[in-house]
């Protein structure tokens, strides 16, 4: 009987810790490594992020996208910056979420016969999950549709899969950090 109570308290504590990390005032920082496939190829994308929970389970923030790929003799590099938004569901240790982002990007394409610089926009609409490993660290997976459209080139879209991690800092920790920095 005592073991059942202990296990129940343990699971309740884990659920409470996980939900506190997505409460209003909390911060998140981390990133992902993505595999993006589209017509004719694939690329790896590094995507660091920083966000703030403006309401319980609703985070907004900014991200940086760095995509470097090569297909045959064609080399491309893309760097973008822009906002993202997430909506988390539930109060369990693994929390599903919806995500969207829009980035202003610069694209450079080089080959033996081509050297083109373009600017444009990329958009992501998807769903994911945050599996909390402890109070502050979650492994994340996101799947969705990514579309990019640039000047001087035809837009393209495709399936997006990314894996990464986030560090979540509850509002009490954020307040402590703010007091330490400002001296209040």
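Taking the criterion of being farther than 20 Å from residue 145 by Cβ and free of Cβ contacts under 8 Å to residues at least 60 places away in the same chain, the residues of the stretch 95-117 that qualify are 106, 108, 109, 110, 111, 112, 113, 114, 115, 116, 117.
Of the residues 135, 171, which single one is under 19 Å from residue 54 (Cβ atoms), touching a helix residue (DSSP H, G or I) at 6+ places or on another chain (Cβ under 9 Å), surrounded by fewer than 18 Cβ atoms within 10 Å (Cβ to Cβ) and touching a residue at least 24 places away in the same chain (Cβ under 8 Å)? If you could, list the steps in order and put the result at the bottom.
Working: 135 fails: under 19 Å from residue 54 (Cβ atoms).
Testing whether each residue is under 19 Å from residue 54 (Cβ atoms), touching a helix residue (DSSP H, G or I) at 6+ places or on another chain (Cβ under 9 Å), surrounded by fewer than 18 Cβ atoms within 10 Å (Cβ to Cβ) and touching a residue at least 24 places away in the same chain (Cβ under 8 Å) leaves just 171.
Selection of the stretch 121-132 for residues being farther than 17 Å from residue 104 by Cα and either surrounded by fewer than 18 Cβ atoms within 10 Å (Cβ to Cβ) or touching a helix residue (DSSP H, G or I) at 6+ places or on another chain (Cβ under 6 Å) (or both) yields 127, 129, 131, 132. Within the stretch 103-120, being buried (at least 16 other Cβ atoms within 10 Å of the Cβ) and under 18 Å from the mean Cα position of the chain (by Cα) holds for 103, 105.
Which of the residues belonging to the stretch 141-150 are more than 14 Å from residue 80 (Cβ to Cβ) and either in contact (Cβ under 8 Å) with a residue 24 or more places away in the chain or surrounded by 18 or more Cβ atoms within 10 Å (Cβ to Cβ) (or both)?
Going through the stretch 141-150, the residues more than 14 Å from residue 80 (Cβ to Cβ) turn out to be 141-145.
Residues satisfying the conditions are 142, 144.
Readers should treat all values here as calculations from the given coordinates under stated rules, not as data from a laboratory. What you see is a predicted model; the values in this text were computed from it and never measured. All Cβ positions, glycine included, derive from the backbone under ideal geometry; neighbour counts span all protein chains shown.
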